[in-house]
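Structure record follows, encoded as structure tokens.
Throughout, read-outs are computed from the coordinates displayed, never taken from laboratory work. Every value quoted in this text rests on a predicted model; they were computed, and no experiment measured them. Don't worry about glycine lacking a Cβ; one is built from the backbone with ideal geometry, like all the others, and counts go over all protein chains shown.
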Amino acid sequence: MRKIAVVNMKGGVGKTTTAIHLAAGVAARGARGLLVDADPQGTVAQVLRVQPVRTLIDLMLGADAASVIIPSGRPNLDVIASTPAAFTLDAQLAGVMQRETVLRRALSKLTYDFVVVDTSPAMGLLTYNALLYANELVLPVSMEPMALTGARQTLDGVEQIRLLWPEHSLNLLAVVPTGVNPATHASRATLEALQRDPRLNDALVANGIRQCIDLTYAVAAGQTIWEYAPKSRAAADYTALLDRITASGGDSHDSSYGQVEKAQTVV
Ligand SMILES: Nc1ncnc2c1ncn2[C@@H]1O[C@H](COP(=O)(O)OP(=O)(O)O)[C@@H](O)[C@H]1O
Ligand SMILES: [Mg+2]
């Protein structure tokens, strides 16, 4: 089972768009997928048009995974949705032991092929939970300086996690430039900065996802880009990203690590 978190400490860089297309894409190819919305804004439920009764907040407060997982309405794809109620989770979990690994324990018995976790721009408790659940990271970076800063801050957070939880395997799977328009200076400058950055260039997906307004329309219509505009450049680019990610085979080291878990506190 592959567990992939889509992260960047900057908002509006294409995290949710990418998480939805990864999860829906692998499901359309026949893998069993689960999309977990760890962003209290709850965009995933809006986009997929699901109306959850129980959500991530119930899971984090002790409900069974089975009781919060809902069908997405698409073959092979289930969802754990979120709602703004989850904004209060940090406070509600304040006194809980090992609160950074609640999600990992709550989802430990699942048997999907792919679990994709969408995250919020805040390095809060939910994002730590996502990073301590996932073994692989996808880092979308839009073509602006602040997105690059957000990417670097994300990697700082990941390094902190590696220090505190050395047993947890967490690899940078893909750095995905989003909204790329090579005709603009902003895109060229951001791509060059990504290529120069030793922490980001190894996993860089060279062409990324080109700027394509159809993505915004697709998501607004509750569709994937493959459904809404299958001939668009974003459809081709997300297909290429999916090819790359499914071919990479993932990380065989699936850390369960219950015995060695420590009670560190980072948030
Ligand atoms: N490749 C792209 N081209 C054009 N617009 C995009 C692209 N990727 C995402 N967007 C748009 O950018 C906005 C932010 O994307 P979103 O996925 O919600 O970001 P995040 O989850 O990081 O906040 C949305 O309006 C989305 O439709
Ligand atoms: Mg989002």
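The figures follow:
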quantity: Convex hull of region 107-233 built on C-alpha atoms - directionally averaged projected area, nm²; calculated: 9.3
quantity: Whether region 31-102 is rounded, prolate or oblate, judged on the alpha carbon gyration tensor where a/c under 1.5 counts as rounded; calculated: prolate
quantity: Distance (nanometres) between label positions extended 7 Å along Cα→Cβ at Val96 and Ala220; calculated: 3.7
quantity: Nonlocal amide H pairs with Ile209, under 5 Å, H built at 1.01 Å; calculated: Thr178, Gly179, Val180
quantity: Centre separation in Å (Cα based) which lies between region 100-143 and region 44-64; calculated: 15
quantity: Per-pair calculated FRET efficiency, R0 = 35 Å: Ala240 and Glu167 via Cβ, rounded to 0.05; calculated: 0.55
quantity: Residues of type aspartates and glutamates that Lys10 reaches as a straight line, Cα spacing below 15 Å, ignoring anything fewer than 8 places off in the same chain; calculated: Asp39, Asp118, Glu144, Asp156
quantity: For region 2-248: span of alpha carbons on each principal axis (Å, largest first); calculated: 50, 40, 31
quantity: Where the Cα pairs of region 139-193 fall when distances are cut into 10 Å bins, in %; calculated: 24, 42, 23, 10, 1
quantity: Gaussian network model of the chain, Cα within-10 Å springs - most flexible of Asp156, Asp237, Asp118; calculated: Asp156
quantity: Peptide ranges 29-42, 161-174 listed from the most packed, as the mean C-beta count within 10 angstrom indicates; calculated: 29-42, 161-174
quantity: Check: region 2-248 dipole with +1 on Lys, Arg Cβ and -1 on Asp, Glu Cβ, in debye; calculated: 300
quantity: Förster radius 30 Å - calculated FRET efficiency between Lys231 and Arg188 (Cβ-Cβ, nearest 0.05); calculated: 0.70
quantity: R0 of 25 Å, Cβ-Cβ distance Thr111-Asn207: FRET efficiency to nearest 0.05; calculated: 0.15
quantity: For region 231-245, Karplus couplings with θ = phi - 60° (6.51, -1.76, 1.60), whole Hz, Gly/Pro x; calculated: 9, 6, 5, 5, 5, 5, 5, 5, 5, 5, 5, 5, 4, 5, 6
quantity: Length-normalised contact order of region 2-248 in % [C-alpha pairs under 8 Å, at least 6 apart]; calculated: 25
quantity: Sorted peptide list for 126-134, 93-101, criterion being average Cβ within 10 angstrom, highest first; calculated: 126-134, 93-101
